[in-house]
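*Asks:* Below is a structure I'd like to ask you about.
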Amino acid sequence: MSTLKRRSFLKSSLGAAATMAALQAGAGVSANDKIIVGVMGLGGRGKSLLASLAKRSDVHIKYLCDCDTRSAGAATEIVMEGLDEKPTFVQDFRTILDDPEVHALICSTSDRWHALATIMACQAGKDVYVEKPQSMSVWDGQQMIAAARKYERIVQVGMQTRSAPYVQSAINYIESGKLGDVMLARVYLMQAGGPEPTAEEQPIPDGLDYDLWCGPSPMLPYRPGRWFQKHWDFYNGALTGDLIHQVDIARLLIGKKAPNSVFSAGGVYRFDDGREQPDTQFSTFEFDKVTMMMEGGFWCPYNHRIVHLPDKSKFPDWQFSATKIEVLGTQGIMYFGRHGGGWEVFEGDGKTRSSKSVASELSEYKWGGIIDLHFDDFFKCIRDRSTPKTDVADGHHSMNLCHLANISNRLGNQKLRWDGEKEEFIDHAEANQLLRAKYRDPWVIPETV
Amino acid sequence: MIRIAAVLLMATLLFSPLTHASWLPTTNLNVWNEATELAGPKIVIEYDLETPDLNPASPAYVFLHYRMGEGENWKLLSAELLGGNGAGIVEESGHKKVIWWGASQNVHQDVDTLEVQVRALAMVAVPGGTFKLRSLPGQGRDQSGRHTTARSTLPTYYLAKYETTIAMYADYLNAEGQDGTGYHEKMANEKRCGILRSENGTYSVVPGRENYPVSYVSWYDAVGFLRWCGLRLPTEAEWEKASVGGLFLDGDETKAVPNPMPERRYPWGDEIPNAEGIYRCNFDSEEDGYPNVAPVGSFSKFNSPYGACDLAGNVNEWTIDWYTTQHHAGLDGYRVTRGGSWLDVPEGCDGVSGATLLPYKESSIMGFRGVSGPPALP
């Protein structure tokens, strides 16, 4: 294991960034070369991504990185079993950025590191795969796009459903007009849930760089577990943190970029566990004549996630699908499932006064298979420098909806008007104050990337 | 007493002595039927348990299987149905006698074909009492539901002294895995495991690998093996207490032996595994003497306060607890693992940190050991 000691963030990273990028930007990867990556964040999501990466013959995983050295073993094993190579483990992701051999950073940390790691990687001339939700604020996302464009980097966001083949056929169906005029999209995260416990404060364990682990977030006393996910300063919220998948697909299906307004209902109604983010959240976005409704609640045991369905060769029981997307037109309604749920359109029959399925597509790919496809797209784009299916800008526009909903909620569920071009609230200074997250020095999203 | 010679002969001849070093040695198995006038067959099983150093702190766990003739399935003899001094937790070596009131009411003709196997496993006792629980078992969803992070109290239980070995697991496969259940091709890897499966469904151990911990076992494989033994996986809390010790090492009943370090991070204390150039467990370094897994008990100078070996490093160990978070939708059912492995950094081998893994994962860093004690569920 190699460990990099703390150093000046501004001096080592931002100061050297332009030089590094100038040396590395545009450095293509030939078809025969393996793409060299470092993976930052080795928790559950990181290991899921590694399981996909370790199947690829076109990738060399040079680095594994986590602030917590205790996560090294299981992640290393995945790579050794899959690729018969042993990556170098590092605690500080800047080691990866400093290595000119590395082509891309895979960022699978928790939310708080996504934006800054992406920006720093772009500055270092690396392409980036960053997990969702990509940002903690609207400002984060803007600077991520700016960095990607300035340094001509590929930045793919981990909303992998866009890479599922059945997405394009759904778009084609809607664009053909068969659904009629689209009037409403509804996205759901309505499922079972429960309280999240908080352990007592403890000494920081050996092997954990807790300062770096907190990163841009406040360095609160150490506790084991996932207590930190209950705080706005660390996390976007359990609802919007997962609803971003559905919001992104819905926005893609209806072809809209930014709403004119947002308002929310809901709050912490169910779980008295100290969480700051709502466990119940209903948000409405107005896009001219089209409306999107986002429904989130952790008190619906009768609904089920598609990935958990016992028979994945069938469509979900749409009525009880916890993570469905509905697109309602004047002719029909489309149900769309993430996790490989496929899509199905129903129309009404005026004669029988009943509705029936008139078009559908099952998904050949499920869950992990769709992650594989998303990486296919990412690595193709690294080689040919084309735009990935979930480009950082696409991710940003979708994530903005989640940020807007959360800001509405934090301001007492106010209705807020939004200027999508300027990306600011109209005549609402208090709301605009929340367009930037709080950052802990030196881990601050830079004004100029 | 009516000794039935045929039964004695049959049982003796059909019993295959288990020569794997990983089981404690048992010899002189003898089985006979003492017919009762009205109460059905009373089967007596005698054997010698030859491990000299058994005692209440380091007992054996003895479990027995029987079948009613060749070709029949072997079944575990529930210790709850047995009397005598030779089944379940056995605290002294020597001659043992087990009384079993038969397999069914259908008596003597069944007894004639009876076959019995006896296996004994080294355990350590963890006396009941309070300990300092520093982790958050099951990430807050400890299956037992009895724990807080401030303090926790557990009744007496017994933990296997060693990680389950390749020899033990191959023995289990030969008994239960003819159809391949519990076996994965990766187990043939001679550096990290070393169990070979023949075309006829029998299993053999690569010579020299008998006392290495079995790996490439899923959580389900571990549960399958332990059910065969009549054991279960430890809860996280049980695993942690076995590693760091209770507030009193002799338990709360006597409180005569205070734990000098009840909040230690590692089984031996607070020094990291390679402090001052001393290697205390098998972690990710060839300098500890083992580039991959090490034979169980290789670091016995650095046992836990109760004498359990290799809780730190070597193979990461499955627990019965699962990880769930309602706070990131859908992450439910990851099992919690403890202890770190031969691929972990030294700090990853501590006694108070948990990791998570999907239960079907067959990994070269995963192993397990069993517990005999009260049910994990309240």
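*Asks:* Can you give the Rg/Rh ratio of chain A, where Rg is from the C-alpha atoms and Rh is the Kirkwood radius? Spell out each step's value before the answer.
*Replies:* Working: Rg = 21.7 Å, Rh = 22.6 Å.
We get a ratio of 0.96 for chain A.
*Asks:* At a 1.4 Å probe, which residues in segment A:191-209 are at least 40 Å² less accessible with all protein chains present than in their chain isolated?
*Replies:* A:E196, A:P197, A:E200, A:Q202, A:D206
*Asks:* Can you give the charge dipole size of segment A:200-243 about its Cα centre, rounded to the nearest 20 debye, using +1 on the beta carbon of Lys and Arg and -1 on the beta carbon of Asp and Glu?
*Replies:* On the way: 3 positive and 7 negative charges, 38 e Å.
For this selection, approximately 180 debye.
*Asks:* Mean residue ellipticity at 222 nm from the helices of chain A, using -39,500 (n - 2.57) per DSSP H segment of n ≥ 4 over the full residue count, to the nearest 500 deg cm²/dmol?
*Replies:* -9000 deg cm²/dmol
*Asks:* As a test of the formula, what do you get for chain B when each DSSP H run with n ≥ 4 contributes -39,500 (n - 2.57) and the sum is divided by the residue count, at 222 nm and rounded to the nearest 500 deg cm²/dmol? Walk me through the intermediate numbers first.
*Replies:* Working: 5 runs with 45 residues, N = 378.
It lands at -3500 deg cm²/dmol.
*Asks:* For chain A, what is the charge dipole size about the Cα centre, in debye to the nearest 20, if Lys and Arg each add +1 at the Cβ and Asp and Glu each add -1 at the Cβ? Spell out each step's value before the answer.
*Replies:* Values: 51 positive and 57 negative charges, 66 e Å.
Dipole magnitude for chain A comes out near 320 debye.
*Asks:* Work out the P(r) tail for the protein assembly as shown: percent of alpha carbon pairs separated by more than 37 Å, whole number.
*Replies:* Working: 170244 of 341551 pairs.
Percentage above 37 Å: 50.
*Asks:* Among A:G395, A:A238, B:G138, pick out the residue whose Cα is farthest towards the positive end of the charge dipole of the protein assembly as shown, where Lys and Arg carry +1 and Asp and Glu carry -1 on C-beta, about the Cα centre.
*Replies:* A:G395
*Asks:* Can you work out ³J(HN,Hα) from phi for every residue in segment B:351-366, in order, using Karplus 6.51 cos²θ - 1.76 cosθ + 1.60 and θ = phi - 60°, giving whole Hz and x for Gly and Pro?
*Replies:* x, 10, 9, x, 10, 10, 7, 5, x, 8, 5, 9, 10, 6, 9, 9
*Asks:* Compute for chains A and B the buried accessible surface, both sides summed, probe 1.4 Å, and express it in Å² to the nearest 100. List each step's numbers first, then the result.
*Replies:* Values: alone 18360 and 16420 Å², together 31620 Å².
Protein heavy atoms only, the A-B interface buries about 3200 Å².
*Asks:* Right, next: Could you order peptides A:436-443, B:253-260 by the average number of other Cβ atoms within 10 Å of their residues, highest first?
*Replies:* Numbers: A:436-443: 15.9, B:253-260: 12.4.
Top of the packing list down: A:436-443, B:253-260.
*Asks:* In whole percent, how big is the carbon plus sulfur part of the accessible area of segment A:325-380, probe 1.4 Å, protein atoms only?
*Replies:* Values: 1190 of 2490 Å².
Using a 1.4 Å probe with all protein chains present, segment A:325-380 comes out at 48 percent carbon and sulfur.
*Asks:* Here's something else I'd like to know. Amide H of A:D92: which non-local residues (sequence gap of 5 or more, or other chain) have their own amide H closer than 5 Å, using H built in the peptide plane?
*Replies:* Sorted by chain and number, the residues that satisfy this are A:L4.
*Asks:* Once the Cα atoms of helix A:15-24 and of chain A are each reduced to a long axis, what angle between those two axes, in degrees from 0 to 90 to the nearest 10, is obtained?
*Replies:* 80 degrees
*Asks:* Let me ask you something else. Along the Cα→Cβ direction, 7 angstrom out, place labels at A:K34 and A:F320. What is the inter-label distance in nm?
*Replies:* 4.6 nm
*Asks:* Order B:117-128, A:281-292 from most to least packed using the mean count of other Cβ atoms within 10 Å. Mind dumping the intermediate values first?
*Replies:* Working: B:117-128: 23.2, A:281-292: 19.3.
Listed from highest to lowest mean packing, they are B:117-128, A:281-292.
*Asks:* Using a 10 Å cut-off on Cβ to Cβ distances, tally the other chain neighbours for every residue of B:338-345 and report the average as a whole number.
*Replies:* Values: counts 0, 0, 5, 5, 2, 9, 11, 13.
Across the residues of B:338-345, the mean count of other-chain Cβ atoms within 10 Å is 6.
*Asks:* Next up: At a 10 angstrom cut-off on C-beta neighbours, averaged per residue, how do the peptides A:81-92, A:158-169, A:349-360 rank from highest to lowest? All intermediate terms of the calculation are to be shown ahead of the outcome.
*Replies:* Details: A:81-92: 17.9, A:158-169: 21.5, A:349-360: 10.7.
Top to bottom by mean Cβ count within 10 Å: A:158-169, A:81-92, A:349-360.
*Asks:* I'd like the Karplus ³J(HN,Hα) series for segment B:309-323: coefficients 6.51, -1.76, 1.60, θ = phi - 60°, whole numbers in Hz, and an x wherever there's a Gly or Pro.
*Replies:* 9, 6, 5, 8, x, 6, 10, 5, 10, 5, 10, 7, 6, 10, 9
*Asks:* List the residues of segment A:52-82 that lose 40 Å² or more of accessible area once all protein chains are present, compared with their chain alone (1.4 Å probe, heavy atoms only, no ligands or nucleic acids).
*Replies:* When all protein chains are present, A:R70, A:G73, A:E77, A:M80, A:E81 each give up 40 Å² or more of accessible surface.
*Asks:* About its Cα centre, how strong a charge dipole does segment B:250-301 have in debye, to the nearest 20, once Lys and Arg get +1 and Asp and Glu get -1 at the Cβ? List each step's numbers first, then the result.
*Replies:* Working: 5 positive and 11 negative charges, 24 e Å.
Rounded to the nearest 20 debye, it is 120 debye.
*Asks:* In addition: Using +1 at the Cβ of each Lys and Arg and -1 at the Cβ of each Asp and Glu in the protein assembly as shown, identify which of A:V268, A:Y63, B:W228 lies farthest towards the dipole's positive end.
*Replies:* With unit charges placed on the Cβ atoms, the residue in question is A:V268.
*Asks:* Cα to Cα, under 13 Å, and not fewer than 8 places away if on the same chain: which aspartates and glutamates meet these conditions relative to B:K191?
*Replies:* The reachable aspartates and glutamates, counting only those whose Cα sits under 13 Å from B:K191, are A:E81, B:E210.
*Asks:* Under 5 Å between amide H atoms, partner at least 5 residues away or on a different chain: which partners does B:I89 have, H built in plane at 1.01 Å?
*Replies:* Long-range HN contacts for B:I89: B:V62.
*Asks:* Which of the pairs A:K47/A:K256; A:K86/A:K314; A:K132/A:K256; A:K34/A:K314; A:K132/A:K366 have their Cα atoms more than 28 Å apart in this structure? Don't skip to the end; give the middle numbers.
*Replies:* Values: A:K47/A:K256 34 Å; A:K86/A:K314 40 Å; A:K132/A:K256 20 Å; A:K34/A:K314 38 Å; A:K132/A:K366 19 Å.
Distance filter (> 28 Å) returns A:K47/A:K256; A:K86/A:K314; A:K34/A:K314.
*Asks:* A further question on this structure: Accessible area per residue, 1.4 Å probe, Å², for the protein assembly as shown: what's the number? Each step should come with its number before you reach the end.
*Replies:* Values: 31620 Å² over 827 residues.
In whole numbers, the protein assembly as shown has 38 Å² accessible per residue.
*Asks:* Tell me, what ³J(HN,Hα) does each residue in segment A:296-311 have, in order and in whole Hz, if you take phi through Karplus 6.51 cos²θ - 1.76 cosθ + 1.60 with θ = phi - 60° and put x for Gly and Pro?
*Replies:* x, x, 10, 9, 10, x, 7, 9, 9, 6, 4, 5, 8, 5, x, 10
*Asks:* How large is the convex hull of the Cα atoms of segment B:262-311 per residue, expressed in Å³ as a whole number?
*Replies:* Values: hull volume 3.5 nm³, N = 50.
Per residue, the Cα convex hull of segment B:262-311 comes to 70 Å³.
*Asks:* When N counts the residues of segment A:372-449, how does its alpha-carbon radius of gyration compare numerically with 2.2 N^0.38 Å, as a ratio?
*Replies:* On the way: Rg = 16.6 Å, N = 78, 2.2 N^0.38 = 11.5 Å.
Expressed relative to 2.2 N^0.38 Å, the Cα Rg reads 1.44.
*Asks:* Moving to a separate point now. Between segment A:36-93 and segment A:106-142, how far is it from one alpha carbon centroid to the other, in angstrom?
*Replies:* A separation of 18 Å, based on Cα centres.
The values are calculated or read from the model by the stated rules, or taken from the named source; none is laboratory data. Predicted, not measured: the structure shown is a model, and the values here were computed from it. All Cβ positions, even for glycine, are placed from backbone atoms using ideal geometry, and neighbour counts span all protein chains on display. Side chains are part of the model used for accessible areas, which takes the heavy atoms of the whole protein and leaves out ligands, DNA and RNA. Shrake-Rupley method; radii C 1.70, N 1.55, O 1.52, S 1.80 Å.
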